[in-house]
Amino acid sequence: MLKSLLSLLQKKGDSVIAIECDQCDLRTLVESDATSLAILLSDNKYFWSTYEPLHRPDFYTVEAQRRKIAENLMLLAEKREFSFGIFAKGTNKLIGHISLYAVKRLPYSSAFVGYSMDERYAGRGIATAATRAVVQFAFNQVGVHRVEAYVSPRNEASIRVLEKTGFTREGLLRKLLFINGEWVDHFMYAILQEDENARR
C-alpha cells in the first residue's frame with residue numbers, strides 16, 4: 001500500500017517523482033543513477049534473460065544507461081512514460097526498476113506496466129508492493145482507466161505479482177515476443193480503475 005503522499009521534487013533541474021511504499025521506495029531515475037542502473041542490469045542479465053532478451057555488451061555500460069535515462073526523462077516531461085528505480089527501503093540502493101509506459105490518452109486511456117527485481121531481492125513481496133504503488137499512481141495521478149501487462153506463461157513469479165495486485169488474465173497472445181532465439185507466447189493481464197476501487 002502507498003504509505004505516504006506522492007511527492008513531486010526537483011533535483012538538478014529534473015522533475016523527480018517519488019513514491020514511498022511499505023517495502024521499498026520508488027523514484028524516477030535521473031542521470032546520476034546511470035552507474036547504479038548499469039550495475040543492476042549487468043548483475044542480473046542472466047537471471048532476467050529467462051524471460052527477457054539478452055542485449056549487446058555495450059547496453060550494460062554506464063554511458064548507454066545514461067543515454068537511456070535521458071530518453072526516459074524526455075518521455076517523462078511529455079507524460080508518456082514514467083521509469084522508476086526500486087530502492088531498498090530508506091536507502092539509495094537500487095534493487096530493481098518498474099515502468100509505466102506506452103501511456104495513451106482517450107479513447108484508450110491506458111498504459112503498460114513492466115518490472116524487474118534484483119535476484120537477491122526477489123521473492124520478498126517487493127515487486128508486488130512496487131506494482132501496486134505504480135498502479136495507484138497510474139489511476140490517481142496519470143489518470144488512465146486501464147493498466148496492462150504482458151507476462152510469459154513460464155514466469156510464475158511475475159504472474160503471482162500481477163494476480164496479487166488485482167490484475168485479471170484476459171487472454172493469450174501467441175508468439176508475441178522473440179526472446180533469445182525463440183518466439184514466446186505471453187498472457188495479457190489488465191486491471192481497470194473500477195477493479196482497483198473495488199479492492200480498496
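Structure data summary
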quantity	calculated
Among (1) farther than 14 Å from SER158 by Cα; (2) part of a strand (DSSP E or B), the one test that LEU106 misses	(2)
Residue in the stretch 42-52 that is of a type outside the set (Lys, Arg), at pLDDT 90 or above, crowded, with 17+ Cβ neighbours inside 10 Å and on the phi < 0 side of the Ramachandran plot present	yes
Identity of the residue in the stretch 155-200, surrounded by fewer than 14 Cβ atoms within 10 Å (Cβ to Cβ) and among the polar types (S, T, N, Q), that ends up farthest from THR131 (Cα to Cα)	ASN180
Residue satisfying all of: in the stretch 4-35; in contact with a Lys or Arg (Cβ under 8 Å, 6 or more places away or on another chain) and assigned to a helix (DSSP H, G or I); modelled with the highest pLDDT among these	ALA34
Residue satisfying all of: in the stretch 84-109; touching a residue at least 40 places away in the same chain (Cβ under 8 Å) and under 17 Å from MET74 (Cβ atoms); farthest from the chain's Cα centre (by Cα) among these	VAL103
Hey, TYR101 at pLDDT below 90, under 25 Å from ALA149 (Cβ atoms) and not acidic (Asp, Glu) or not	no
Some residue of the stretch 120-129 being touching a helix residue (DSSP H, G or I) at 6+ places or on another chain (Cβ under 6 Å), assigned to a helix (DSSP H, G or I), touching a residue at least 40 places away in the same chain (Cβ under 8 Å) and not small (Gly, Ala, Ser)	no
Strands (runs of 3 or more DSSP E) lying entirely in the stretch 143-200 (those with 2 or more residues that are more than 17 Å from ALA111 (Cα to Cα) and modelled with pLDDT of 90 or more)	168-179, 182-192
Residues of the stretch 46-59 satisfying the condition of being within 19 Å of TYR115 (Cβ to Cβ) and either of a type in the set (Gly, Ala, Ser) or assigned to a helix (DSSP H, G or I) (or both)	TYR46, PHE47, TRP48, SER49, PHE59
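The values are calculated or read from the model by the stated rules, or taken from the named source; none is laboratory data. Since the model is a prediction, treat every value here as computed from it, not as a measurement. All Cβ positions, even for glycine, are placed from backbone atoms using ideal geometry, and neighbour counts span all protein chains on display.
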